[in-house]
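K.L.:
Please read through the structure below; I'll follow up with questions.
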Ligand code: NAD
């Protein structure tokens, strides 16, 4: 695939030269790709199709089949058949597939980057975060799964005579439903630990992420994943997404908090476990002793990566009043120079929003704030000359409680600035949200940074980083507190949730039977003494 569109612009007002640029050439995919990938979808030969669009132009880049509920049922049947043999293989054997997949993802990164960009509209450097994420998850679980899943011995009821072992059995078939914002990461990284734990997966990626998800699955096949183990179905969330989750032995859902509530209720009604990764209203606090240049540089990335369509991106900047003006000088200087565009190359700082619905939401939040008295320090406009859904990176000040963007997730390139007098006020403001996904604290004194971080009610808090330090630490859990979710991905929790613990306890001898010739009273006294000794030794 070649770079086709060269339209870039800074966020400053367009010059006459910008306006005279020729219209961008259409973005396209390799013409053989849609048919090849469609064959990977569980759908009938006469299935209806839907259009895959690129946000860069709003044009159609491929057509893919829509699955039916019957297809979903067949996907589950096939996945269950494949799962038995897979679970019988050793964890190390299963891990080899992930190591090969790691190499294939890196070897095919250019074509994956094109596809991610075309489907999501994001800048190439933001698409690259997805490549790193998948490669990191592959390596982490390939190397660590054996340890996470290995049987663990525990002290039995009667020491020596009882041997107790904890096993982690695969749950069966995991249903994965993901959003559109990270078409590679959010489609595949939750499936990988589920698979290595011995499960099969039925994956329903978002329709706006389907091409990338299918390409990722195609590479997983090439890495040696047994046929049938990972089934892909496509279609609307409320029919096909729901059908997938309603049949799952465990539900893995990523999306908005509103949908997450419904998903949780349906899983609860079936007494099936669920992991929910939901929305956020994340804050970054710059203390009065922070390195302001570094903080400003990182804040730009943390607010505007993937045009703010990142669950852990920053929508609230909390600034210590002593350094607020200096910080804003650095920050706004960088924001105003950001380049926007749809190039499939490395030169652009920020891409497009995904759809008209996202553009409407972002515009509504900014206009509502403006109308109610907020000041626009940077941005604040759509950029239709670049493509149908481009919107400038936008900084607001004076946002108050009556404005929609104060509490509601914008999920776009919009950040509001708040000034505080010290750490306590910053912590209270950071926690003044129902969400609890990600936070960031900036201070040269890392002890102070940790102290503040521990008081912020978020699943991840980065000190002197915005989001990548926590996201990229694959051994540590990642997820949301409050209305940002249930359960965690990454680390031990990110794989053990796909298993059920089983306690196998083997008894040698019959200690509860009174030995012949021993009076019942003597036997009872010696058992009680034994229990007291064990309690004293804190053995059980
Ligand atoms: P959404 O809730 O509208 O949809 C998410 C996915 O669920 C979509 O593919 C949708 O089609 C599907 N869906 C809708 N109704 C469903 C149902 N009843 N049953 C099953 N599936 C259904 O969210 P969105 O707009 O696609 O994504 C943006 C949201 O996702 C934001 O709130 C963002 O913060 C959140 N998000 C969270 C994380 C995280 O890791 N915490 C990651 C990415 C996105």
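K.L.:
Rounded to a whole number of µm²/s, how large is the Stokes-Einstein D of region 44-200 at 4 °C and 1.567 mPa s, given Rh as the Kirkwood radius over C-alpha pairs?
P.N.:
71
K.L.:
Moving on to the next point. Considering every pair of different Cα atoms, what Kirkwood radius, in Å, is found for region 245-379?
P.N.:
17.7
K.L.:
Rule-of-thumb check for region 366-442: C-alpha Rg over 2.2 N^0.38 Å?
P.N.:
After normalising by residue count via 2.2 N^0.38 Å, the value is 1.21.
K.L.:
Can you say what percent of the DSSP beta bridges in region 106-257, counting only those with both residues inside, are antiparallel? Round to 5.
P.N.:
25
K.L.:
Here's something else I'd like to know. Helix-only estimate, please: 222 nm mean residue ellipticity of the chain, summing -39500 (n - 2.57) across DSSP H runs of length 4 or more and dividing by its residues, to the nearest 500.
P.N.:
About -12000 deg cm²/dmol.
K.L.:
Now for a separate question. Looking at the chain only, what percent of DSSP beta bridges run antiparallel? Nearest 5 please.
P.N.:
40
K.L.:
Also: Relative to the longest principal Cα axis of the chain, at what angle does helix 520-536 sit, 0 to 90 degrees, rounded to 10?
P.N.:
30
K.L.:
Any idea what log10 I(q)/I(0) is at q = 0.20 Å⁻¹ for region 247-294, Debye with uniform C-alpha scatterers and no solvent?
P.N.:
Values, matching the q order: -0.66.
K.L.:
Within a 10 angstrom radius of the beta carbon, how do 481, 252, 531 rank from fewest other beta carbons to most?
P.N.:
Result, fewest neighbours first: 531, 481, 252.
K.L.:
Turning to a different aspect of this structure: Which percent of Cα pairs goes in each bin when the distances of region 364-515 are cut into 5 angstrom slices starting at zero?
P.N.:
2, 8, 12, 14, 14, 14, 10, 7, 5, 3, 3, 2, 2, 2, 1, 1, 1, 0, 0
K.L.:
Right, another one. Any chance you could give the angle, 0 to 90 degrees and rounded to 10, that helix 109-120 forms with the longest Cα principal axis of the chain?
P.N.:
In the chain, helix 109-120 runs at an angle near 70 degrees to the longest axis.
K.L.:
Restricting to region 348-421, what percent of DSSP beta bridges are antiparallel, rounded to 5?
P.N.:
50
K.L.:
Hey, if you drop one equal point scatterer on each alpha-carbon of region 29-104 and run the Debye formula without solvent, what base-10 log of I(q)/I(0) do you get at q = 0.16, 0.23, 0.27 Å⁻¹?
P.N.:
The computed values of log10 I(q)/I(0) come out as -0.85, -1.02, -1.12.
K.L.:
Can you give me the orientation-averaged projected area of the convex hull built on the Cα atoms of the chain, in nm²?
P.N.:
The Cα convex hull of the chain, projected and averaged over all directions, gives 29.5 nm².
K.L.:
On to the next question. What do you get when you divide the Cα radius of gyration of region 121-279 by 2.2 N^0.38 Å, with N the number of residues?
P.N.:
Expressed relative to 2.2 N^0.38 Å, the Cα Rg reads 1.17.
K.L.:
Continuing with the same structure: Going by C-beta contacts inside 10 Å, put 505, 440 in order with the fewest on the left.
P.N.:
With the fewest neighbours first, 505, 440 line up as 505, 440.
K.L.:
I've got another one for you. Give the Cα extents of region 192-260 along the principal axes, in whole Å, largest first.
P.N.:
37, 26, 17
K.L.:
Sort 145-156, 513-524, 276-287 for me by packing, meaning the mean count of neighbouring Cβ atoms within 10 Å per residue, highest on top.
P.N.:
276-287, 145-156, 513-524
K.L.:
For all pairs of alpha-carbon atoms in region 448-540, what percent lies in each bin of width 10 Å, listed from the first bin to the last filled one?
P.N.:
Bins of 10 Å from zero give 12, 24, 16, 14, 16, 13, 4, 0 percent of pairs.
K.L.:
Can you bin region 135-193 into rounded, prolate or oblate? Criterion: square roots of the alpha carbon gyration tensor eigenvalues sorted a ≥ b ≥ c, rounded for a/c under 1.5, prolate for a/b above b/c, oblate for the rest.
P.N.:
It is prolate, given that a/c is not under 1.5 and a/b is the larger ratio.
K.L.:
Once the Cα atoms of helix 91-107 and of the chain are each reduced to a long axis, what angle between those two axes, in degrees from 0 to 90 to the nearest 10, is obtained?
P.N.:
10
Only the coordinates and a few stated rules stand behind these numbers; no lab work does. All figures in this text were calculated on a predicted structure; none of them were measured in a lab. In this analysis, Cβ positions are derived from the backbone assuming ideal geometry, glycine residues included, and neighbour counts consider all displayed protein chains.
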